[in-house]
Amino acid sequence: MKNMRLFIFIALLLVSFTLSAEEKVVIRFEYPTAQVLKEFTPEFYDIASFKPGQYLDIVVTRSKYEELLNRGYKIKIVQTEQQLKQNLKDKRELTAYRNYNEVLTELQLIEANNPTICKLYDIGETWGKEYSDNGNSNYDIYHQEVWALKVSDNVLVEEDEPGVYYMGTHHAREPISCEVTMAILNHILDNYGTDPTITDNVNNSQIWFIPLVNPNGHKLVIDEYDVWWRKNIRDNNENGYIDSYDGVDPNRNYGWEWGPVGTSDDWSSDVYHGPEAWSEPEIVAMKNLLESHHFVTGITYHSYSELVLFPFGYNDGVIAPDHDALEELAIEMAVTIPSAYGGNYTPQEAWELYPCMGTTDDYSYGQHGIFSFTIELGTEFIPPGNEIQGICDDNIQAAMILLDRVNYQTLTGIITDSETGLPIVAEIYIEGIDNTGVYREPYQSDELFGRYYRLLETGNYDVTFSADGYFSQTFENVSIISGDTTILNVSLEAADPPDISINPTSFTVNLQSDETTDENLRISNDGEYDLIYNLTHEDRDSGGSDIFGYSWKDSDEPDGPIYSWRDISGMGTLVNFTHNDYATNLLPIGFTFNYYGTDYTQFRISPNGWLGFGDDWTDWHNFELPRVDAPKPAIFGFWDDLYPFDGSNGGGDVYYYGNSDSLIVWFDDVIHYPGTWNGTYDFQFILYANGQILLQYRTVSGDIDTSTIGIQNESGDDGLQVCYNENYVHNELAVLFKKDWLSISPASGNVPGTSYNDISLTFDASGLPEGTYLKNLMINSNDPDEPLTIVPINLYVGTIFQPETPQNVVIEIVGSNINISWDAVTGATSYTVYSDADPYGTFSNVEQAGITGTFWSESVSEEKKFYRITASN
Ligand SMILES: [Zn+2]
């Protein structure tokens, strides 16, 4: 057995040498240009640090460094492997960087010495443990768990107290983050009982410490197998040992806005986000922890850059609804942490560092409303051992500020049922905050106590409390003052559930081609609390469209549009872009163009292959549609990172040309932003005054499966996606978008008790051939008895239409008569009753024709008969 272990040890050492066969270094671009920032993105390079306007650090091999030098970049080496290894070994007075066993032993000792206020929990697994348990002895030394220590009075009880967390070591090569987390823990315990604020905060909060979120990766670094290792040790290529294809970036695996920005699908990438959100056991452990307690604030420590980051971070320009209060707290903390270069740590929104998806902070804040911060410690991944203590000391005050934050400028209280006094899970909506910024989940009171917390800036707020089954309550001008909490306990009165009724219950409309008409649908709520509804519709005989009523077809379909290129060469106006990701200013369309029910007279052209009618969107990533955090309202002809910016150097040009009935925008052999993907695309948008949109692709070559094609509305919640990163476009392809004959406005809403909303249905027969068009309008609502209401809709264009089959036929024997009745059919002028002795027969026997009512009767006879009823006009 001993020999076996020795063998494994040597095998792993060998593996580690192949992991980093070529030495890596951290290189620095001083004052990086926009061009450098565009090329050296986290998708393709291992970004170590970025200080806007100051420097960009990336991890590269020595040969890559030489190559970049030869290409003329002004770069210098700021950290080498030798230095980092030396830093790991350096001793501070007591000890150097802790290893897993030292952390665990210390946590166990702390729990043993402070049994009334400390409890240690095993909160999750690691891949190393799982592989080892499954018999792969290569992983025996990684048989580790994720540990969390809770600190609070009555530590075994889940009390009505706010939760605070401190996490370390998502990233393996950032062991200083473990040290700082342990230092905060020790500081709190050392001062408990003597420092009144700390004592109070321990007694009245529940503080969680997770110093090693990623113990397996941490071990790889601490043992110097690979000091550059960042991820966990998931065996991506399933070869049974750790190699350079392995690992998932834990801080890209959280399930809020998990996706492509600032991440990679490649196993070997340092920002590989995993096969799906929550694929990693360490991150599932974090999820379970965050879901099981009422956390209000938290910090996750990383290194390096001397930053205090606040959410959101998943895309350029995404603003959190609580942005101002988050920023205030970030500043409050940052000014207490000295920078090695003089001054203090820099507070900023996470996306300003670089946008990336699937992080702790975005999930914590987006899903749970936790004021969660990332602090990037120090100026290198592994500061020298003799600097550990200083960095820890420097960060204590900020951690204590976070711990105390719930005790000032906070609105809190419990929400209960006015009759039973039991806690209620209710939503807490604050006007001016919750209706700003991008989406996050609404704040709710917790199930156990009905407790809610809102961290705010000083000021006066209108606050609304609502819950299904209760009357909502609004409190106006609730004061939030500095230095104190505002307590607002609320009891909500139970209300009867919503009760939907609609009028009319069906629509039949006759139009001539080119006619349009509006009809009213009234949705009433005969119950007490709000009825919430949304409307969709689908053809009764074939596939659907988007909510508003656009649908699309391409020229590959038999009844699709015909490809016919509109040549505007020599006629169009050349577009001058000021930046390869910035759209033009608004330009005149030349006619009134109706898009998703709104009239537009101006549009803008983005170099990245889309036309917009609203604000610019400067992020170059393409996504699936519809999507809130994307250009909107917009038409996506070929949404990708295109490069018409540099036409004189072969990037291609963009022209537009319009008259009173159409506008043409032509991307003339525009190339993909050069680099990982390359391609050349010649395509055009044609917007027609009748609202139709035609996209035409003349020639496309190179990478064609990296774009999004489609349309979406002003709020980004409705749209059509023709393709997303698929092999779809080809030469001489046309795609036509047109509005359905039915549009609904508004398609969703809220009806207070004993009230109603009117909804406008617009029937537009323009361009429709004579015939019958049938739809179902579906109303989904929170009426507990009737969650789905279906409204049949019939549109008859022209003069001839076929009545439908009579429904609800009832046959009864009354005395010596057989009575047959049925529902009236819209548009029918008469009915015919047929009979046959065989149910599968021809029913050629006419019992009676020309019946004008909905009832027919005959005497009972001995023969067996089956009946058929038809409607005619
Ligand atoms: Zn990190």
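The values are calculated or read from the model by the stated rules, or taken from the named source; none is laboratory data. None of the values given here were measured: they were computed from a predicted structure. Neighbour counts run over all protein chains shown; Cβ positions are idealised from the backbone, glycine included. Ligands, DNA and RNA are excluded from the accessible area calculation, which covers all protein heavy atoms including side chains. Shrake-Rupley method; radii C 1.70, N 1.55, O 1.52, S 1.80 Å.
Ordering S491, F471, Y443 by Cα displacement along the dipole of the stretch 410-492 toward the positive end leaves Y443 in first place; charges were set at the Cβ atoms of Lys, Arg (+1) and Asp, Glu (-1). Helix 281-292 axis versus longest C-alpha principal axis of the chain: approximately 70°, rounded to the nearest ten. With an a/c value under 1.5 for the gyration tensor axes a ≥ b ≥ c computed over the alpha-carbon atoms, the stretch 551-739 is described as rounded. Against the main long axis of the alpha-carbon atoms of the chain, helix 2-19 sits at an angle near 70°.
For the chain, the dipole from Cβ point charges (+1 on Lys and Arg, -1 on Asp and Glu) about the Cα centre works out to 2000 debye, to the nearest 20. Averaged over its residues, the stretch 100-407 has an accessible area of 29 Å² per residue, based on protein heavy atoms and a 1.4 Å probe. Of L422, L189, the order by accessible heavy-atom surface (1.4 Å probe, DNA, RNA and ligands excluded), from most exposed downward, is L422, L189. Relative intensity of the chain on a log10 scale, I(q)/I(0) at q = 0.05, 0.07, 0.10 Å⁻¹, equals -0.39, -0.71, -1.19, per a Debye sum over C-alpha point scatterers of equal strength in the absence of solvent. Taking only protein heavy atoms and a 1.4 Å probe, the accessible area of the chain is 48% carbon and sulfur. When the stretch 56-167 is described by a simple charge dipole with +1 on each Lys and Arg Cβ and -1 on each Asp and Glu Cβ, the residue from V60, N114, L149 located farthest towards its positive end is V60. Under a model in which nothing but the beta-carbon of Lys, Arg (+1) and Asp, Glu (-1) is charged, the stretch 410-492 shows a dipole of about 180 debye around its Cα centre. Computed over the chain, relative contact order equals 9 percent, with contacts defined as Cα pairs under 8 Å that lie 6+ residues apart.
How large is the charge dipole for the stretch 810-872, taken about the Cα centre, if only the Cβ atoms of Lys, Arg (+1) and Asp, Glu (-1) carry charge, to the nearest 20 debye? All intermediate terms of the calculation are to be shown ahead of the outcome.
Working: 3 positive and 8 negative charges, 28 e Å.
Result for the stretch 810-872 is approximately 140 debye, rounded to the nearest 20.
Taking the longest Cα principal axis of the chain as reference, the axis of helix 176-191 is set at about 80 degrees. Comparing P792, V25, I562 along the charge dipole axis of the chain, the residue lying farthest to the positive side is V25, per the Cβ-charge model. Taking 26 Å as the straight-line reach from the Cα of K219, the lysines in range (excluding those fewer than 8 positions away in the same chain) are K2, K24, K85, K89, K91, K119, K129, K150, K231, K287.
Per residue, the accessible area of the stretch 410-492 comes to 49 Å² when a 1.4 Å probe rolls over the protein heavy atoms. With just the Cα atoms defining each centre, how far is the stretch 737-792 from the stretch 367-415? Give it in Å. Cα centres, the stretch 737-792 to the stretch 367-415: 51 Å.
Estimated purely from DSSP H runs of n ≥ 4, each contributing -39500 (n - 2.57), the mean residue ellipticity at 222 nm for the chain is -5000 deg cm²/dmol once divided by its residues.
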